[in-house]
1. Quick one: how many residues across the stretch 280-307 are in contact with a Lys or Arg (Cβ under 9 Å, 6 or more places away or on another chain), charged (D, E, K, R) and outside any helix (DSSP H, G or I)?
2. Quick check on the stretch 170-181: of everything there that is open to solvent by less than 30 Å² (accessible area, probe 1.4 Å) and of a type in the set (S, T, N, Q), which residue is farthest from residue 137 (Cα to Cα)?
3. Return a yes/no flag: does the stretch 72-79 have any residue that is at pLDDT 90 or above and of a type in the set (S, T, N, Q).
4. Mind listing whichever residues of the stretch 157-169 are assigned to a helix (DSSP H, G or I) and open to solvent by less than 70 Å² (accessible area, probe 1.4 Å)?
5. Right, residue 68: surrounded by fewer than 11 Cβ atoms within 10 Å (Cβ to Cβ) and closer than 30 Å to residue 313 by Cα or not?
6. Residues that are within 22 Å of residue 58 (Cβ to Cβ) and touching a helix residue (DSSP H, G or I) at 6+ places or on another chain (Cβ under 8 Å): which helices (runs of 4 or more DSSP H) entirely in the stretch 78-142 hold 3 or more of them?
7. Inside the stretch 280-306, can you point out the residues that are open to solvent by 20 Å² or more (accessible area, probe 1.4 Å) and touching a Leu at 6+ places or on another chain (Cβ under 9 Å)?
8. Determine whether residue 154 is open to solvent by less than 50 Å² (accessible area, probe 1.4 Å), in a helix (DSSP H, G or I), modelled with pLDDT of 90 or more and within 20 Å of residue 122 (Cα to Cα).
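The values are calculated or read from the model by the stated rules, or taken from the named source; none is laboratory data. Being a predicted model, the structure only gives us computed values, none of them experimental. Please note: Cβ atoms are built from the backbone with ideal geometry, for glycine as well, and neighbour counts cover all protein chains shown. The protein model used for the area step is the full one, side chains on, heavy atoms only, and it has no ligands, DNA or RNA in it. Shrake-Rupley method; radii C 1.70, N 1.55, O 1.52, S 1.80 Å.
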Amino acid sequence: MASGFLVIRGLSPLGVHFQHVCRNVLLTQTREKKRWMKSYMLLMERKKKLEGPPPPKPRSHQPNWDYHAEVQAFGCRLHETFSLDLLKTAFVNPCYIQSEEVNRRELGVDREAVALNLKDNQKLSEQGAEFSQSYLADCCRGAYPNLPPEGVNAIVQYLAGTEIVCHVAKNLAVEDLTLSAEFPVPNEVLQKTFFAVVGALLESSEPQKAGLFIRDFLMTQLIGKDLFELWAVINPMGLLVEELTKRNLSPPEPRITRQAGVSTVLPLHFVGLYSDKKLMAEGPGETILAAEEEAARVALRRIYGYTENRRPWDYIRPREDTAAAQAISSN
């Protein structure tokens with residue numbers, strides 16, 4: 001009993017000390033919130049709204065950037081074999097050389113040192129653009145032999161246009177490596193740079209490699225695209241009559257097959273096109289004329305082999321070898 005009393009008396013000072021310590025800790029805890037932080041953040045937000053976002057900076061003006069290493073990594077990332085000198089030339093645009101020479105003159109550099117020892121990508125860009133368009137045209141003719149030249153040209157112009165090429169170039173980080181006088185890089189300059197990269201690949205390796213590069217990054221942009229989104233046909237019924245005449249078939253005869261809500265605000269008509277008493281195609285529309293035009297477009301898709309349920313592009317068959325050879329022969 002006495003020993004238990006002594007132990008309790010010995011522990012009681014420790015308990016009192018522990019309570020003081022805990023009380024001190026609880027009193028010294030803070031939420032790390034500064035009084036001036038709210039007003040400062042409001043001021044910065046107001047300043048950002050007035051001045052707008054900061055201007056974009058090119059990747060070369062940011063830390064941890066090695067241009068030589070990035071150019072080397074570009075080919076490795078795409079699993080392509082480039083000549084390093086040709087690849088560096090592909091990223092040098094004429095506007096960049098002119099702007100650098102003007103900056104040197106303004107700084108008072110000697111005339112002999114003003115000229116830059118750089119070669120622009122004009123020749124590579126022209127070579128790459130010509131090869132790309134030839135290869136795309138040959139691929140379209142091989143995949144859709146019934147498609148007329150106007151449709152082939154429309155698809156090629158879409159794939160080789162500024163919007164698609166710039167979209168692909170930005171996703172391949174071509175914009176970060178492009179040497180241009182302006183930033184962000186203008187779309188026309190970025191398009192020429194991409195074709196210059198194709199020209200550098202054409203000069204560095206086999207033409208089949210350049211063809212596979214175009215097929216993998218440009219031909220795939222046709223996925224989910226309708227033919228008449230790329231090819232604007234003003235008179236589809238007239239074009240259908242021409243195609244049927246070439247095949248010695250009777251002209252199409254439109255007939256209303258179904259209707260719904262004719263007396264309402266949103267009517268729906270289905271028009272079928274018949275040739276030799278056989279249903280060729282059927283299309284819907286809010287008016288009979290619109291349904292007739294849609295049915296003509298459906299019939300043209302079937303004739304050209306560009307239907308919605310068409311077979312996907314075959315990336316296994318060696319179609320690119322013949323297309324690349326034809327592109328080289330045409331060049």
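1. Adding up the residues that qualify gives 1.
2. Ranking the candidates gives 180 first.
3. Yes, the stretch 72-79 contains at least one residue that is at pLDDT 90 or above and of a type in the set (S, T, N, Q).
4. 158, 159, 162, 164, 165, 166, 168, 169
5. no
6. 84-90, 94-106
7. 280, 282, 284, 286, 292, 297, 298, 301, 303, 305
8. no
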